[in-house]
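Since the structure comes first, as structure tokens, the remarks are kept for the end.
The values are calculated or read from the model by the stated rules, or taken from the named source; none is laboratory data. Worth saying up front: this structure is predicted, and the values here are computed from it rather than measured. With ideal geometry, Cβ positions are generated from the backbone for all residues, glycine too; neighbour counts draw on all protein chains shown.
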Amino acid sequence: MLAAHLGLTGARVAVTDLDGDVLADRFVDVDVARGPDALLHLLHATFEELSAEAATGPVVGVGVGTPSTFELKAYARGHGLSAAGWDRDHFRDALAQRFRVPVLLDLDVAMLALAEHRASWPDAEVLVCVKLGTLIDAAVVVRGVPIRGADGLAGELGHIKVVDADDPCVCGSIGCLDAVASGSALVRQMATAGRPVDHVSQIIQLANDGDQDAVHLIRRSGRRIGEVLSSVVNLLNPAGISLWGYLTEAESLLAGIRESLYQTALPGSSEHLRLAPTSLGDLAGVRGAALSVTDTVLEPRAVERAVLTGSWSA
Ligand SMILES: [Zn+2]
């Protein structure tokens, strides 16, 4: 399998076996300002280098996890870029043409959640996976399958309203969790506090070094995330909440989430709830991308078609 987890500034690219175990991988810097075709070219080249490195047999599928449309739009707006050409169909077609195998593009958070469920929560009937980065996003896995919703918009945790907030959000609304608790919100809040930084990772570093402004803002962010998650817990009674993304590297964030989540959620629902950072680290996205493809490529009808035609092509 060829697998990639595309972020807005970098991508993890890998070759895996059919179990999603990574045989070779590399992190490459992404510059979305150069446009979609430059990114495709980079992906093609990196896939080919890694295939040579891993010295595997034929490729049977390509899986790519991408940010949501909200994330892409927000990033484009923030950096004065055009969102044109960033079309999933264009990406899928270009990759299928190049490698002549089935190609699956999906939301990165759904792929992360799938990998996390298989690796650490195989018995969980309901698992919630939350991505806490520049923006906030989530996926809900029910009996091993990430759910999509009627319009593919299930899991938009970042756009649930929080109490006493009226900050404008990238979705066009006000008072969303994303607008008050995400990495980009933290960067804005530090600037307002007279402590401008370029990237949220600097705030996390400051907080972990004991800077009181940073600790206070991150903890408040955690409390707001916990407040929203308590409704999710009451509704779904998940076995666990798995947390992914660079905000989880701040100790004060987890403390803030626990503080409000266990205070607000129904005691019976949260009593056995496990709240844990991802167990798969940086490779969660590519593992999930590979597993998503395996599920599709090795689906009984696809195997039958491959046997009859002698080819894995879709
Ligand atoms: Zn919103």
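Here is how the numbers come out for the structure above:
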| item | result |
| --- | --- |
| V163 being modelled with pLDDT under 95, within 21 Å of V233 (Cα to Cα), within 16 Å of the ligand (Cβ to nearest atom) and surrounded by fewer than 17 Cβ atoms within 10 Å (Cβ to Cβ) | yes |
| Residues (more than 24 Å from the chain's Cα centre (by Cα) and among the β-branched types (V, I, T)) located in the stretch 204-222 | V215 |
| Scope the stretch 147-195; condition hydroxyl-bearing (S, T, Y) and closer than 25 Å to A110 by Cβ; matching residues | S173, S182, S184 |
| Residues of the stretch 236-255 satisfying the condition of being buried (at least 23 other Cβ atoms within 10 Å of the Cβ) and part of a helix (DSSP H, G or I) | L247, L253 |
| Selected residue (only one of S173, S231 is loosely packed, with under 15 Cβ neighbours inside 10 Å, in contact (Cβ under 8 Å) with a residue 60 or more places away in the chain and within 15 Å of G158 (Cβ to Cβ)) | S231 |
| Residue identified as over 25 Å from S182 (Cα atoms) and outside any helix (DSSP H, G or I) among S292, S311, S269, S279 | S311 |
| Selected residue (criterion: modelled with the lowest pLDDT) from residues of the stretch 36-59 that are part of a loop (DSSP other than H, G, I, E, B) and surrounded by 15 or more Cβ atoms within 10 Å (Cβ to Cβ) | T56 |
